[in-house]
Amino acid sequence: MDYLIFARKFRPQTFEEIVGQETITTTLRNAIRQERVPQSFLFSGPRGVGKTSTARILAKALNCKEGPTEKPCGKCVSCKEVEQGNSMDVLEVDGASNRGIEEIRTLRENVKFKPSSGRYKIYIIDEVHSLTGDAFNALLKTLEEPPAHVKFIFATTESHKVPLTILSRCQRLQFKRISVPEAVEKLEKIAQQEKLKCEKNVLFMIAKATEGALRDAESLLDQLASFSEGKIKEEDVLTLLGLAPEDMYLSVLTAIREKKGEEIFGLVKKLYEDGADLAQFAKGLFEVFRHLLILKTAPKAGALIEASPEMVAALQKKATDFSQSELLLGLSILQNLQIQLRRPVASPKLLAEVALLKLVYLDGTHSVEELLKSAEASSKSAVAVPVAEKKTLKPAVPFREEEKPVFKKEAGMMPSAENRSQENQPAPLPSKIASSGELTLNDVESAWPQVIEAVKMKRMSLSLYLAESQPAEVDGAVIVLGLPSEFRFHKETLEKELNKQVVEEAFAQVLGRKVRVQCVVTEREGTTGEAPGGKAPVRDEAMPDIVAKALEIFDGSKVIRKD
């Protein structure tokens with residue numbers, strides 16, 4: 001007899017042998033026992049979970065000599081023909097290769113004929129979602145009012161592609177993935193019957209790698225039986241699937257926690273040279289971080305972790321080395337790594353190294369909440385800067401007549417004290433502050449570095465603009481700041497209401513009193529403006545044309561102050 005692969009050799013032949021689909025088998029057995037079998041079924045679910053096998057068992061149960069029965073005998077001619085796949089009354093149709101309207105029209109003509117020997121003529125259409133739209137439309141009338149001797153069983157992995165008009169005419173049964181313990185139990189029975197020797201975690205690794213597809217697990221065990229020599233080892237499974245051993249993941253976690261970059265490079269190099277699939281490694285490490293997060297957030301939820309008992313115990317110890325935020329960030333990094341490895345823009349080895357180095361420095365990152373709290377604390381500390389003690393300063397040295405500032409009353413010019421009320425200037429300060437001593441230019445100049453530092457604590461960029469200015473005049477509670485003509489942009493920035501408020505608060509903090517700030521443009525006497533007597537200044541013949549032109553362009557309100 002020709003060799004049969006495990007997936008065919010150990011195919012279930014009764015409802016009791018079907019693995020992991022208790023709800024569906026119970027429904028079908030009750031329907032047969034109560035004689036409530038519908039005309040059409042739709043079996044949907046992942047690949048390799050028993051849809052076609054269940055359809056065959058149902059066909060045997062309906063056409064068994066002793067049936068319809070929930071326990072087909074498996075000995076009668078009808079049962080044997082179904083098992084061998086040569087029954088004239090149970091027709092299996094591949095929906096992918098018989099998807100056109102002509103094939104469905106032929107089927108519609110054939111359903112009129114009664115079964116040759118069995119009780120029912122049963123059509124099993126696999127991958128029914130592959131039928132064309134016209135083929136589905138041609139099938140509608142037959143599904144709605146089929147002959148009494150016909151049963152339809154559709155199987156599909158993509159039920160969302162089946163039209164609603166078809167779904168509404170079928171009894172739908174959803175198959176689920178096979179859990180790892182159920183798959184391991186099935187593989188153990190196969191290994192015992194085939195007299196295969198396996199190391200401790202081999203069957204678990206096979207069941208986990210196939211992700212709920214029992215047929216894939218059986219095929220993989222069959223392949224390993226041919227690959228190994230007498231005994232299937234864990235190393236054989238890792239080599240065949242391109243996986244990394246559990247010790248490798250634990251070594252990576254240790255290197256990440258201890259910040260051993262050199263060891264990280266060595267581990268990636270070893271995986272790469274050994275031919276391991278780095279995409280599978282990234283997937284496995286992603287799962288390890290997921291296990292750590294579960295152990296961190298729900299220590300008692302061990303049932304949610306699909307890993308060997310030894311691995312779970314080791315991860316419980318490692319969970320204390322990482323915070324929840326670090327694990328979440330690590331999951332994000334590893335998720336991006338898997339996406340990059342699908343469409344690599346660089347060497348997979350390089351991408352893996354970069355991602356692991358990011359994991360090494362997880363503790364150097366800060367959450368948004370931490371940054372906001374830090375900024376808030378800095379802001380509070382800046383406000384809490386102690387007010388500088390008022391020092392007794394020498395009286396300001398009066399200007400000589402030729403050094404006194406000359407003010408021009410133009411746009412942006414500081415008005416005189418007499419005209420303040422007329423031009424809507426700030427009202428005089430409270431008498432308490434006014435009586436605390438006259439503020440002089442020397443006082444402001446002495447406190448000027450502290451003012452810049454106070455502004456710097458609140459707004460760094462504003463302090464850079466303020467540093468280009470200098471106190472030029474003090475008129476009561478108004479401090480005039482002068483900027484050279486080339487810094488007109490700085491002047492406009494400082495005059496904005498919010499920026500001006502910050503500067504005034506800094507002066508109040510350092511000087512211990514409320515003041516007003518005004519900005520003006522300062523230039524040396526003789527560069528522009530009117531000469532004494534209202535005449536235009538005479539141009540210096542030695543002055544270059546480009547300088548004269550620049551002075552004409554930037555002419556405007558200014559304070560002319562002699563040196």
Checking T25 against (1) out of contact with any Cys (no Cβ under 6 Å at 6 or more places or on another chain); (2) over 16 Å from F175 (Cα atoms); (3) in a helix (DSSP H, G or I): exactly one of these is not met. Which one? (2)
Qualifying positions in region 337-357 - of a type outside the set (S, T, Y), without any contact (Cβ under 8 Å) to a residue 40 or more places away in the chain and loosely packed, with under 12 Cβ neighbours inside 10 Å: I339, R343, V345, A346
One residue from L139, L143, L58 being of a type outside the set (D, E), over 29 Å from K186 (Cα atoms), within 48 Å of the chain's Cα centre (by Cα) and surrounded by 21 or more Cβ atoms within 10 Å (Cβ to Cβ): L139
Filtering region 246-265 down to residues that are in a helix (DSSP H, G or I) and out of contact with any Lys or Arg (no Cβ under 9 Å at 6 or more places or on another chain) yields E246, D247, Y249, S251, V252, A255, I256, G261, E262, E263, I264, F265
Of the residues that sit in region 61-112 and are of a type in the set (A, V, I, L, M, F, W, C), part of a helix (DSSP H, G or I) and touching a strand residue (DSSP E or B) at 6+ places or on another chain (Cβ under 9 Å), which one is nearest to K9 (Cα to Cα)? V82
If a residue must be part of a loop (DSSP other than H, G, I, E, B) and under 16 Å from A217 (Cβ atoms), how many such residues does region 176-201 contain? 7
Cross-chain or 6+ apart pairs with Cβ under 7 Å, region 97-117 first and over 15 Å from G133 (Cβ atoms) and in the same structural domain as A138 (by TED's automatic domain parsing), then part of a helix (DSSP H, G or I) and of a type in the set (S, T, Y): R108/T142; V111/T142; S117/S78
Hey, among D216, D277, which residue is acidic (D, E) and more than 24 Å from the chain's Cα centre (by Cα)? D216
Return yes when E486 is charged (D, E, K, R) and either within 16 Å of S463 (Cβ to Cβ) or without any contact (Cβ under 8 Å) to a residue 12 or more places away in the chain (or both) and no when it is not. no
Output the residues belonging to region 71-94 that are touching a residue at least 60 places away in the same chain (Cβ under 8 Å) and either of a type in the set (D, E) or buried (at least 16 other Cβ atoms within 10 Å of the Cβ) (or both). E83
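State whether one or more residues within region 214-228 are under 30 Å from K318 (Cα atoms) and not in a helix (DSSP H, G or I).
No: region 214-228 contains no residue that is under 30 Å from K318 (Cα atoms) and not in a helix (DSSP H, G or I).
Could you pull out the residue among D222, D216 that is in contact with a helix residue (DSSP H, G or I) (Cβ under 9 Å, 6 or more places away or on another chain), closer than 21 Å to Q21 by Cβ and not assigned by TED's automatic domain parsing to the domain that holds S308?
Residue meeting the stated conditions: D216.
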So is K208 assigned to a helix (DSSP H, G or I), modelled with pLDDT of 85 or more and of a type outside the set (A, V, I, L, M) or not? yes
Please work out if A375 is outside the structural domain of A506 (by TED's automatic domain parsing) and either modelled with pLDDT under 70 or out of contact with any Lys or Arg (no Cβ under 6 Å at 6 or more places or on another chain) (or both). yes
Being under 23 Å from Q39 (Cβ atoms), assigned to a strand (DSSP E or B) and under 33 Å from the mean Cα position of the chain (by Cα), is that true of even one residue in region 164-175? yes
Within region 165-188, identify whether any single residue is among the small types (G, A, S), buried (at least 17 other Cβ atoms within 10 Å of the Cβ) and at pLDDT 90 or above, and answer yes or no. yes
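I'd like to know if region 130-143 contains one or more residues that are of a type outside the set (A, V, I, L, M, F, W, C) and closer than 30 Å to L220 by Cα.
Yes, because at least one residue in region 130-143 is of a type outside the set (A, V, I, L, M, F, W, C) and closer than 30 Å to L220 by Cα.
The rows are residues; the columns are (1) among the charged types (D, E, K, R); (2) in contact with a Leu (Cβ under 6 Å, 6 or more places away or on another chain).
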{"residue": "V237", "(1), (2)": "no, no"}
{"residue": "G242", "(1), (2)": "no, no"}
{"residue": "E273", "(1), (2)": "yes, no"}
{"residue": "Q280", "(1), (2)": "no, yes"}
{"residue": "E310", "(1), (2)": "yes, no"}
{"residue": "A319", "(1), (2)": "no, yes"}
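The values are calculated or read from the model by the stated rules, or taken from the named source; none is laboratory data. All values reported here derive from a predicted model rather than from experimental measurement. Cβ atoms come from the backbone with ideal geometry, glycine included; neighbour counts cover every protein chain shown.
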